[in-house]
Structure formats: C-alpha cells, structure tokens
There are 2 protein chains.
Amino acid sequence: MKLYFAKGACSLVPRIIINELNIPCEFESIDMKTKMTESGKNFHDINPKGYVPTIVTDDNQVLTENAVILQYLADHYGATLLPGTNDFHRYQILEWINFIATEIHKNFSLLFKPQYPQEVKDIQMSLLQQKFAYVDKQLSKTTYLSGDNFSLPDAYLLVMLTWTTHFKFDLNSLTHVVRFFNMMLDRPSVKKSLQEEGLHMHSSS
Amino acid sequence: MKLYFAKGACSLVPRIIINELNIPCEFESIDMKTKMTESGKNFHDINPKGYVPTIVTDDNQVLTENAVILQYLADHYGATLLPGTNDFHRYQILEWINFIATEIHKNFSLLFKPQYPQEVKDIQMSLLQQKFAYVDKQLSKTTYLSGDNFSLPDAYLLVMLTWTTHFKFDLNSLTHVVRFFNMMLDRPSVKKSLQEEGLHMHSSS
C-alpha cells in the first residue's frame, strides 16, 4: 500500500491508523502548491481531485476521501477498530467520522485560505468552538469518542486538535477535550506518526 | 423506522432511498427555526445536534449524519445498492457519497446563510461550479455516478441539483449533469419523494 500525504494535513489521520494497525505502507509526500509528488509525478494523474489523503492499495486501486479510506483500512486490516455491518456500533463510529469530516474539518478549510475575509473566519471560529463543545460533552461521558475503546474518529479528532494550535482557539474551558488531546499525544501510533512527518507536538500532562 | 426531515433539505436523500427500497417508514417534519417537531416535541431531545436527517430505527436507535444513514439503509434493506466490505466497489460508491457530502453539500451551506457576505458566496459558487464540472466528467463516462447502476450517491447528487435552482448556477454547459438531472427527475422513487414533500420539479426532457 502507498499513502500520498502532505505534512500535517488530514492525511495524518490514515497514517495514524496505518501505524496503529502496523500495515506495511510506503509514504510519498505531495507539494500542495505545485501538485507534484516527491518522486516528480503530477499528482493530478493519480488523483484528479488533487487532494490528500490518497491511497494506492496492494491491488493497485486508488482510493480517495478520508472517511472512506479509514473504513477501508479498518475493514481490511483491523476488525477491532470497526465492527461489521451487522453491528449497530459500526454506524455510531461512522457517525463520529462524518461529524468530524463535515462539521469540523470542512469548517476549518476556510481558515487556511487567504481569499476569505477575517469576518468570515471569525464566524467559522465560533462555529468550530460550538462543535468542539459538543465533542467535549461526549468526552465527559466516554474515554474515546465512540466509547471506551480507541477507534477511527479518535485519530481524526486528534488531527483536528493539532490544527487548533495554528489559530487562537480557546480550548481551556473544554477540559475533556484537553484530557483527550493529551492522552492521544501520548499514544504510540500518534507519536510515531507525528515524528514521521517531522511535527513537534507534546502532551502537556 | 422513522425519518425526521425538513422540506427540501438534505433529508430528501434518505427519503429517496427509503422509497427506492420500499422500506416501511413514518415521516415527521421539523421546523428548522423553532427546532420543534410536527407533533410538538423539542427536536434537540431526539438529536442534540439539531439537524436532519435523523432516523429512529425499528430497534429504537437514533442515527444521524446523512452519509451514514445511507449506508445503514443499504446495508440493512437493499444489498443491491451497496456491496459488502469484501468488494472494493463498496468503497468507490462511498467515495462519491463523501465527495458530495464534503465538497458539494458543505460548500452549499454558506449560500443559505444570511450572515455571510456576497463576496464569499461568490467564491463558494465558483468552487461549486468546479465540483459540478468534475461530476460532469464522470457522468460523461458512466450513466450513474458509480457506474451503470443507480446507487446511494445518485440520490444525494439529485438533491444537490435541486438546490442549484435556488441560485444562479449555470449548468447548461454541463451537458452530462443536465442529462443526469432529467433522468433522475423521471425516476419513480424521486418523483414520489418530491411529491411527498410538496416539491414541484419536473424534468425538461
């Protein structure tokens, strides 16, 4: 398998799952400005949408879309992270993935783009604060997002939390989110993944 | 089963799948301003996130998030719409759902909200045009989004296309999208669903 990634981007999520499950995998970085891969290929020839994460499976199939790559990885390499389609808990885990993808990840997108005015970025920040407050409520009841065990959406939430450090988010009042963030930063698969991408971030606990 | 919906909103997508598969289902509308249900309940007590679609399964479990509800419906009631986890085509279908959820649906969100300035809505419109152009390219090769057979993302795309009629989108140059839109408007499950929500929209073909 191969994962195309950009440093610190949301492709860090499948990397954490790949490390969590010890899946043999090559990693190749993309220059998101030029859309060239590390080995000099045009990334649009691999994924016409031009974004990461993109994986190439061992059968040479290309798969895009973070939420779907995560399901594929769990279904094929780590049944413990995602029960089968006969278990309702599967859909509760997927619910959290989709919530992060659409309500958190997509609301972050504008913050990274210079063409949006500050007043709009302020609206997005306040929206995101509300979404993190909802997450905090969940984490006041459970250790991980979907219960007592680590699963796919936890890796996704962790990466979103690393992004909050680029902006002036006030997470201090969200004590359960802060507890989760520190716990995840101490998780071996997360530590390994951050190190592999040359990212320096440590738990404050 | 029960589906909580708002007229013309994205809850129309699972309704189409419910009609497509003839799943016995009650429908209850939500007033999105007051967040009260048709029968006078506070919708936040059912889904704390306050948005549709939300389903209550026959086992009395609540499930939210459009992309996940679609998977649940197909996995439980209509295997022909979504192959099992051992078939790579499952992930290609889910890829399209996620693309629509994150790249089309979420980019529409701002257009409906008065608090965003027109210049930002213009950026979103031009982004959406690019996404629909990508969809057009796919539909130049296949009858439906994920191949020759109707599946979940087609219902999702149809609903997004009904939204384009509220804004000044120029779809005319996207001939394959227009062909798809007309074909879907003639589909019995779509006709029935539009009628049930009191929406008047007809194919121009």
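Please treat every number below as a calculation from the coordinates, not as lab data. Every value quoted in this text rests on a predicted model; they were computed, and no experiment measured them. Cβ atoms come from the backbone with ideal geometry, glycine included; neighbour counts cover every protein chain shown.
Assorted remarks:
- Copy-to-copy label separations for B:Thr143, where each label sits 7 Å from Cα toward Cβ, in nm and ascending: 5.1
- Residues with amide H under 5 Å from that of A:Met201, placed H, sequence gap 5 or more: none
- For A:Ala6, the residues whose modelled amide H falls within less than 5 Å of its own, excluding neighbours fewer than 5 places apart on the same chain, are A:Ser11, A:Ile30.
- Of A:Lys192, A:Lys131, A:Lys113, the one that fluctuates the most in a GNM where chain A has Cα springs shorter than 10 Å: A:Lys113
- The sum of -39500 (n - 2.57) across all DSSP H runs of n ≥ 4, divided by the residue count of chain A, sets its helix-only mean residue ellipticity at 222 nm to -14000 deg cm²/dmol.
- With distances taken between every two different alpha-carbon atoms, the range A:80-126 has a Kirkwood hydrodynamic radius of 12.6 Å.
- Spatial separation of Cα centroids for the range A:138-160 and the range A:80-133, in angstrom: 13 Å
- Distances between placed amide hydrogens fall under 5 Å for B:Gly147 paired with no residue 5 or more residues away or on another chain.
- Shape index of the protein assembly as shown: Rg/Rh, with Rg the Cα radius of gyration and Rh the Kirkwood radius from the inverse mean 1/r over Cα pairs, equals 0.94.
- For the range B:84-188, a crude dipole built from +1 on the beta carbon of Lys and Arg and -1 on the beta carbon of Asp and Glu, taken about the Cα centre, is about 140 debye to the nearest 20.
- Table column - 3J(HN,Hα) (Hz), the range A:152-165, Karplus curve with 6.51, -1.76, 1.60, x for Gly and Pro: 3, x, 5, 5, 5, 4, 4, 5, 4, 5, 5, 5, 4, 5
- J(HN,Hα) series, the range A:133-142, from Karplus relation 6.51 cos²θ - 1.76 cosθ + 1.60, nearest Hz, glycine and proline x: 5, 5, 4, 4, 4, 5, 6, 7, 9, 9
- In sequence order, the range A:41-50 has phi-based couplings of 8, 7, 5, 4, 6, 8, 10, x, 6, x Hz under the Karplus curve 6.51 cos²θ - 1.76 cosθ + 1.60, θ = phi - 60°, and Gly or Pro positions carry x.
- When chain B is treated as a GNM with alpha-carbon contacts under 10 Å, the residue of B:Ile104, B:Ile123, B:Ile30 showing the greatest mean-square fluctuation is B:Ile123.
- Placing a label point 7 Å from the Cα of A:Ser39 along the Cα-to-Cβ direction, the distances to the matching points in the other copies come to 5.9 nm, shortest first.
- Charged-residue dipole, Cβ positions (Lys, Arg, Asp, Glu), the range B:2-79 about Cα centre, Debye nearest 20: 340 debye
- Of A:Met201, A:Met125, B:Met160, the sequence from fewest to most neighbouring Cβ atoms within 10 angstrom is A:Met201, A:Met125, B:Met160.
- Computed over the Cα atoms of the range B:84-188, the ratio of the radius of gyration to the Kirkwood radius (Rg/Rh) comes to 0.99.
- Most fluctuating residue given options B:Pro188, B:Pro114, B:Pro53, as computed from a GNM of chain B linking Cα atoms under 10 Å: B:Pro114
- Averaging the sequence gap over all C-alpha pairs within less than 8 Å and six or more residues apart, then dividing by the number of residues, gives chain A a relative contact order of 21 percent.
- Neighbourhood charge, 11 Å Cβ-Cβ cut-off, centred on A:Ser203 and excluding it, Lys, Arg +1 and Asp, Glu -1: +2
- Straight-distance candidates among the lysines for linking to A:Lys131, with alpha-carbon spacing under 21 Å and chain neighbours fewer than 8 residues away dropped: A:Lys106, A:Lys113, A:Lys121, A:Lys141, A:Lys168, B:Lys33, B:Lys35, B:Lys49, B:Lys106, B:Lys113.
- Label-point distances for A:Glu197 to the equivalent site in the other copies, using a point 7 angstrom along Cα→C-beta, read 3.6 nm when ranked shortest first.
- Percent RCO, i.e. relative contact order, over the range B:117-205, from Cα pairs under 8 Å lying at least 6 residues apart: 25 percent
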